[in-house]
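Take a look at the structure set out below.
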There are 2 protein chains.
Amino acid sequence: MKFARKDLRMTRMRMRMRMVATILLWMAAWPVLATDAQATDALASDVRAADALPSWNDGASKRAIVAFVEKVTTQGSSDFVPASERIAVFDNDGTLWAEKPVPFELYFTSDRIRALAPQHPEWKTTEPYRSVIANDTKGVAAAGKQGVMEMLAATHAGMSTDEFNRIVGEWITTARHPQTGKPYPQMIYQPMLELLEYVRSKGFKTYIVSGGGQEFMRAWTERVYGIPPGQVIGSNGELEYRLVDGKPTLVKLAKVALIDDGPGKPVGIQRFIGRRPIFAFGNSDGDRQMLEWTTAGSGPRFAGLVHHTDSKREYAYDRKDALAKLDKAWDQAMQQGWTVVDMSKEWKVVYPATP
Amino acid sequence: MKFARKDLRMTRMRMRMRMVATILLWMAAWPVLATDAQATDALASDVRAADALPSWNDGASKRAIVAFVEKVTTQGSSDFVPASERIAVFDNDGTLWAEKPVPFELYFTSDRIRALAPQHPEWKTTEPYRSVIANDTKGVAAAGKQGVMEMLAATHAGMSTDEFNRIVGEWITTARHPQTGKPYPQMIYQPMLELLEYVRSKGFKTYIVSGGGQEFMRAWTERVYGIPPGQVIGSNGELEYRLVDGKPTLVKLAKVALIDDGPGKPVGIQRFIGRRPIFAFGNSDGDRQMLEWTTAGSGPRFAGLVHHTDSKREYAYDRKDALAKLDKAWDQAMQQGWTVVDMSKEWKVVYPATP
């Protein structure tokens, strides 16, 4: 029986060994599986990198953007830029979202005038309010720049910053574009949204530098673009700190502090960021100085312009547009080799897919 | 031999089993070891957290700070604040670094006046320049606020932002404090430096909100406090964008854009950050409205004041100080339960160890 017992023991041992071997095999496989998973991740990351701009056709602009971002973020490259200096600035109207037939903030303004009209019976007979209330476009246009400034003051000032933020937040979720019927946050440019995310994934800090109202944009840019209020620079008015019914309040005054357009853009950049960007994107003459200031710094610099060539999917306008001319900036782009994006050819889609 | 062979096989099997068992034991031990390592890490992290403020004695202020930071950063806590809203603001002079006998920017100003004097022979007979050049403190004091504004204009304007940045950067590394003989960046407060790092490690974004010159501070705050230019809000002047010899230039004008002191601090916060802080630290009446604005928000809020009680290691001043009075802010702190740091009792050290 000794023999048999020994055989039995051997059988048991063999079974144990087989079990152990199986466990060992599994355990040994873990690192391989883990490595495989990592390899898959790395591969996915490569695919993601190559595909960080899926809505961009493989054209000159996409290649210029990727080449720039790669060279300034590659350790050891002579063009390497440390993360703290990777500042990217973007105009908003016409660069990150549409701006036709008029900049969307003007729709907010006229919607507010209509909402406030019952409290202002005198507006029925006062221009430009009468025209706005009567939907008389020609009448509004006739009011000119002075009329616009008056309307901005009437709708953007004389309330607290908290109150204004609430009003804009409500409007942006409910209002619809008169031509597309879309909510305005769905008229952002999908390719530019991808660009924002792409450069952020490469350590850039993204800023909006826009002629639009700073507080108007800040009410929704974080949700829509992932850009927090402190990285949104726009035209802004003076504020006054006071106690209202004992409550600390910041009141928006009808006095301009900064017109963040044209030569005001480098001023806004210096005042708010305090560092020269290395990457800038705009679409009109109002962005010319921003791109000029950006590219005049030493080291690698990128300047891009969105050229609106797409009357079918969006709008087509450039040199002769009344509100957002691309004329001097176009000439400078040609001279200095700035990247010009042909929207109709280089963008696969314009707006994000409807949710 | 069959028997013997079986015995041999058994011995081999036993040896293999022993080896396998040893390997298994090691492999089985890995997760335990890993868990141990994690436990050790967690322990170290606890120790680090407890020790994130090693220069603070275990007093009321340290406990209030840590309790606040813990509660707003603990997931699931009813006081939890998402990272994007963890805004912490700090005054600079007297809060992050010393400010006696006069704010250090005034030493920069007088040093600049002396450096520029050869180009301004008329200064020899014009106040307040004559007094500055002659080191006549009484004469400078007699010039009053108007004199200070004139000197600031003469030394802070009329040059490009790049040039000013270079001048300040040079000064801050070479100038010495008249009483301690230390370079000014060594007169920052070690406990506050730890506080900045502690809240940043907990996902806070740290800002300076100071009455001092914005461009003056930005030349060195990133190196000294780890706070980049875009998170430094100070008094600032108008800028003008122009081409100088064909080169895009931002010229500092002698025209004030914002006095970032007193009620100007909430204005600066809204303009630059666009979000109400949840944590604020100051040391004088100039910070009162900043702390008031911070604590008037809903949800958990922290307001702290550095009380200068340390005539031996630093300076002692409060209600009756001519330049940095802690009077109304003190009363409000008592009423509203703001944290007041008794420097002499709560800080183990004041300045960083000399490198």
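Ordered shortest first, which distances in nm separate the 7 Å Cα→C-beta label point of B:Pro178 from those of the other copies?
Listed shortest first, these distances are 6.6 nm.
From the label point of B:Glu127, set 7 Å from Cα along Cα→Cβ, how far away are the matching label points in the other copies, in nm, ordered shortest to longest?
Here the equivalent label points are 5.7 nm apart from this one.
Is any residue of the stretch B:154-173 close enough, with backbone N under 16 Å, to a label point placed 7 angstrom from the Cα of B:Ala117 along the Cα-Cβ axis, and if so, which?
Under cut-off, by backbone N: B:155.
Quick check on packing: order A:224-234, A:316-326 by the mean number of other C-beta atoms within 10 Å, highest mean leading.
Working: A:224-234: 21.5, A:316-326: 16.1.
Result, highest mean Cβ count within 10 Å first: A:224-234, A:316-326.
Arrange A:Leu195, B:Leu116 by Cβ neighbour counts within 10 Å, fewest through most, would you?
Working: A:Leu195 27, B:Leu116 14.
If I rank by nearby Cβ atoms, fewest first, I get B:Leu116, A:Leu195.
Measuring from label point to label point, each 7 Å out along Cα→Cβ, what is the B:Lys124 to A:Arg313 span in nm?
Once both label points are built, they end up 7.3 nm from each other.
Cross-link candidates for A:Lys145: which aspartates and glutamates have Cα within less than 17 Å, leaving aside residues fewer than 8 places away along the same chain?
Within reach: A:Glu105, A:Glu127, A:Asp136, A:Asp260, A:Asp261, A:Asp321.
With all pairs of different alpha carbon atoms counted, what Kirkwood hydrodynamic radius in Å does the stretch A:136-190 show? Spell out each step's value before the answer.
Details: mean 1/r = 0.0746 Å⁻¹.
This gives a value of 13.4 Å.
Lysines within cross-link reach of A:Lys138: Cα-Cα under 23 Å, excluding same-chain residues under 8 positions apart?
Of all the lysines, those that pass the test against A:Lys138 - Cα under 23 Å, at least 8 places apart if same chain - are A:Lys100, A:Lys124, A:Lys320, A:Lys325.
If I model a spin label at B:Ser344 and A:His177 as a point 7 Å from the Cα along the Cα→Cβ vector, what separation in nanometres do I get?
6.7
Comparing A:Gln332, A:Gln179, A:Gln75, which has the greatest mean-square fluctuation in the GNM of chain A with Cα pairs linked when under 10 Å apart?
A:Gln179
Taking each residue of A:261-271 in turn, how many C-beta atoms of other protein chains fall within 10 Å of its C-beta, and what is the average?
Numbers: counts 0, 1, 6, 2, 1, 8, 7, 2, 4, 11, 14.
What the average comes to for A:261-271 is 5.
Rank B:Lys247, B:Lys100, B:Lys265 by mean-square fluctuation in a GNM of chain B with C-alpha springs under 10 angstrom and give only the top-ranked residue.
Of the options given, B:Lys247 has the highest mean-square fluctuation.
Measuring from centroid to centroid over Cα atoms, what is the spacing of the stretch A:220-244 and the stretch A:92-142 in Å?
One Cα centre to the other: 22 Å.
What are the label-to-label distances in nm, one decimal and shortest first, from A:Glu197 to the same spot in the other copies, with labels 7 Å along Cα to Cβ?
Values, ascending and in nm: 3.6.
Which one of B:Val102, B:Thr74, B:Ile208 is farthest out on the positive end of the charge dipole of the protein assembly as shown, using unit charges on Cβ (Lys, Arg +1; Asp, Glu -1) and the Cα centre as origin?
B:Thr74
Which log10 I(q)/I(0) values does the stretch B:253-294 give at q = 0.20, 0.25, 0.31 Å⁻¹ under the Debye formula, counting every alpha carbon as one identical point scatterer?
Ignoring solvent entirely, the Cα scatterers give -0.58, -0.82, -1.11.
In straight Cα distance, which lysines are under 21 Å from A:Lys202, not counting same-chain residues fewer than 8 positions off?
Filter leaves A:Lys62, A:Lys71, B:Lys205.
Which residue, B:Gly144, B:Gly169, B:Gly94, has the most motion in a Gaussian network model of chain B that connects Cα atoms within less than 10 Å?
For chain B, modelled as a Gaussian network with Cα springs under 10 Å, the answer is B:Gly144.
Calculate the FRET efficiency for B:Leu243 and A:Ser84 from the Cβ-Cβ distance with a Förster distance of 25 Å, rounded to the nearest 0.05.
My answer for the efficiency is 0.35.
In sequence order, what are the phi-derived ³J(HN,Hα) couplings for the stretch B:154-169 according to the Karplus relation 6.51 cos²θ - 1.76 cosθ + 1.60 with θ = phi - 60°, rounded to whole Hz, with x for glycine and proline?
Coupling constants for the stretch B:154-169: 5, 10, 10, 10, x, 9, 7, 4, 4, 5, 4, 4, 5, 5, 5, x Hz.
From the alpha carbon gyration tensor of the protein assembly as shown, can you work out the equivalent ellipsoid semi-axes (sqrt of 5 times each eigenvalue) and give them in Å, largest to smallest? Intermediate values should be presented prior to the final figure.
On the way: eigenvalues 563, 320, 141 Å².
Working from the Cα gyration tensor, I get semi-axes of 53, 40, 27 Å.
Kindly provide the helix-only [θ] at 222 nm of the protein assembly as shown, computed as the sum of -39,500 (n - 2.57) over DSSP H runs of four or more divided by all residues, to the nearest 500 deg cm²/dmol? Spell out each step's value before the answer.
On the way: 28 runs with 332 residues, N = 710.
It comes out at -14500 deg cm²/dmol, rounded to the nearest 500.
With only alpha-carbon atoms in the gyration tensor, what are the semi-axes of the equivalent ellipsoid for chain A, in Å, largest first? Each step should come with its number before you reach the end.
On the way: eigenvalues 575, 142, 84 Å².
Gyration-tensor ellipsoid for chain A: 54, 27, 20 Å.
Please compute the modelled spin-label separation between A:Asp51 and A:Lys320, points set 7 Å along Cα→Cβ, answer in nm with one decimal.
4.4
Taken together, the values in this text are just the output of simple stated rules run on the coordinates, not laboratory data. All values reported here derive from a predicted model rather than from experimental measurement. A quick note on method: Cβ atoms are made from the backbone with ideal geometry, for glycine too, and the neighbour counts reach across all protein chains shown.
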